[in-house]
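Okay, so here's the structure we're looking at.
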Amino acid sequence: QAHLDRIAAVDGDVHAFLHVSDRAVEVAADIDRRRAAGEELGELAGVPLAIKDVLVTTDMPSTSGSKILEGYMSPYDATVVARSRAAGLVPLGKTNMDEFAMGSSTEHSAYGPTRNPWDLDRIPGGSGGGSAAAVAAFEAPIALGSDTGGSIRQPAHVTGTVGMKPTYGGVSRYGAIALASSLDQVGPVSRTVLDSALLHDVIGGHDPHDATSLADQWPSFAAAAREGATGEVLKGLKVGVIRELDDRGFQRGVSDSFRASLAKLEAAGAEIVEVSAPHFEYGVAAYYLILPAEASSNLAKFDSVRFGMRVDVPGGTVEDVMAATRDAGFGEEVKRRIILGTYALSAGYYDAYYGSAQKVRTLIQRDFDEAFAQVDVIATPSAPTTAFRLGEQLDDPLQMYLNDVTTIPVNLAGVPGISIPSGLAEEDGLPVGIQFVAPAREDARLYRVGAALE
Ligand code: GLN
């Protein structure tokens, strides 16, 4: 009830939610009853949960921020939602996002932007700006997001929250409306590292409904975070810093905060090691071929027949109806990427564009492999700037894309990455995050290190 009250008080300004559940109090009361009856419930039982609208739910609409899915009710729950319910988490509502998770500011939502609770004139990051803003504004203690190129970590960076992108395959994508299937991962957003770890324990692990789900047995991430909190893990930890990233393009307060975090790590006994990742800087270029290619294919299912909206064209053919529906239902950024992706995949261009991008992807993976032969984790600023003003980058797609320079390579390599708050930028007083990256399957290491530095 406290969270619903908080939503009622501030969400008119913040607009983190697209839908607020009318069943939350009832579900919470049921958890209380089960607990009173002596049932053993997990640590997160009774904790309210905000859910990014990219995840399908049976009791609330799922739109992925798009008009084409307005009012869409899913016949099933995403695996992460089903597991959250089973663990006794209480779904509070669905959070706002850039349409189909394309964007870094949540301004591409068909339902209007979310605002950053730190400064309502500024963006909360994207695409998962709603989940991050809800957590930062104390409308929800914890949230689910999805991260294809930074959509959990960059919003965490600009809102002073924690955001984790798990190892690819570590968390089920079943019921996550696909953007780019080889990059998408679901993960937690929270105010502390331990909270993210607790939620990751609930949602993670093998799911036969997702063909790319890893069969691994995962350690307890909450145990890792608790162990990390003692700080012992930092003694002798080798932290890699990427030479090629230098300070290029980073706002002063972001670089300063990053350096201050490195000094803190060193003071706690960590060793800072320069590593080289020469192909890191081509990540954004490769990503904007691979992502549109996969997205154009994934979004082909919105054909006016199977899902959501249909615009009738009197006397028109099936193609006319499909075209009119997609024209009215998709926003500009989505259309831009469908066109880019369709072009990149077309016969004659496939090798030049998609094929080259996949080669660059392999080179980035090798950069990470070589770096991780020398260090335990890599650290980077989570994003180049603090929260920018609404409207500032809306007419400049390339500028918008560059917000993810340090997060995108992590998705391309399939490795885990976490953003944790590293302080405030001196020049504008806005939050800054530091990103840690670990080898694939070493998600627990990130919770240990994150909790130690927190
Ligand atoms: N901002 C990136 C994009 O627009 C990342 C999005 C995401 O992670 N879903 O594609």
Cα→Cβ-extended label distance, 7 Å offset, between GLU281 and ARG306, nm
4.2 nm
Ordering of 319-327, 251-259, 122-130 by packing [mean C-beta count within 10 Å, highest first]
122-130, 251-259, 319-327
Non-local amide H neighbours of THR95 (under 5 Å, H modeled in plane, Pro and chain starts lacking H): which ones?
LEU18, ILE51, LYS52, ASP53
Describe numerically, in nm with one decimal, the distance between label points set 7 Å from Cα along Cα→Cβ at ASP327 and at ASP59.
4.1 nm
Determine the gain in length on full extension of the stretch GLU271-ASP216; use 0.36 nm per residue of separation and subtract their C-alpha separation, reporting nm with one decimal.
16.8 nm
Grab the Cα-Cα distance for GLN1 and ALA347, subtract it from 0.36 nm times how many residues apart they are, and report the gain in nm with one decimal.
119.0 nm
Here the FRET efficiency for ALA263 versus ASP119, based on Cβ atoms and R0 = 25 Å and rounded to 0.05, is 0.35
Hey, what's the per residue convex hull volume over the C-alpha atoms of the stretch 1-127, in cubic angstrom?
108 Å³
Could you give the nm distance between label points at ALA9 and MET73, where each point is 7 Å from its Cα heading toward the beta carbon?
3.3 nm
Too long at a 29 Å Cα-Cα cut-off: which of LYS94/LYS264; LYS94/LYS359; LYS94/LYS235; LYS67/LYS165; LYS67/LYS359; LYS94/LYS165?
LYS94/LYS264; LYS94/LYS359; LYS94/LYS235; LYS67/LYS359
For the stretch 301-454, what does the alpha-carbon gyration tensor say about shape, rounded, prolate or oblate, given a ≥ b ≥ c as the root eigenvalues, a/c under 1.5 as rounded, and a/b over b/c as prolate?
prolate
Over the chain, calculate the relative contact order: mean separation of alpha carbon pairs under 8 Å at least 6 apart, over the residue count, as a percent.
19 percent
Scalar couplings 3J(HN,Hα) for the stretch 182-187 by Karplus 6.51 cos²θ - 1.76 cosθ + 1.60 (θ = phi - 60°), nearest whole Hz, x for Gly and Pro, are 7, 10, 4, 9, 8, x
Pair-distance profile P(r), taking every C-alpha pair of the chain, with 10 angstrom steps and integer %
5, 22, 33, 26, 11, 2, 0, 0
Cβ-derived FRET efficiency at R0 51 Å, ARG366 paired with ARG34, nearest 0.05:
0.50
Given H placed 1.01 Å from N in the peptide plane, which residues other than close sequence neighbours of GLY433 have an amide H under 5 Å from its amide H?
SER382, ALA383, SER422
Burial-style ranking of 265-271, 153-159, 109-115, average other-beta-carbon count within 10 Å with highest first, yields 153-159, 109-115, 265-271
Taking every C-alpha to C-alpha distance in the stretch 406-454 and binning by 10 Å from 0, the per-bin percentages run 25, 46, 24, 5
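Taken together, the values in this text are just the output of simple stated rules run on the coordinates, not laboratory data. None of these values were measured; they are calculated from a predicted model. Quick reminder, even Gly has a Cβ in these numbers, built from the backbone with ideal geometry, and neighbours come from all protein chains shown.
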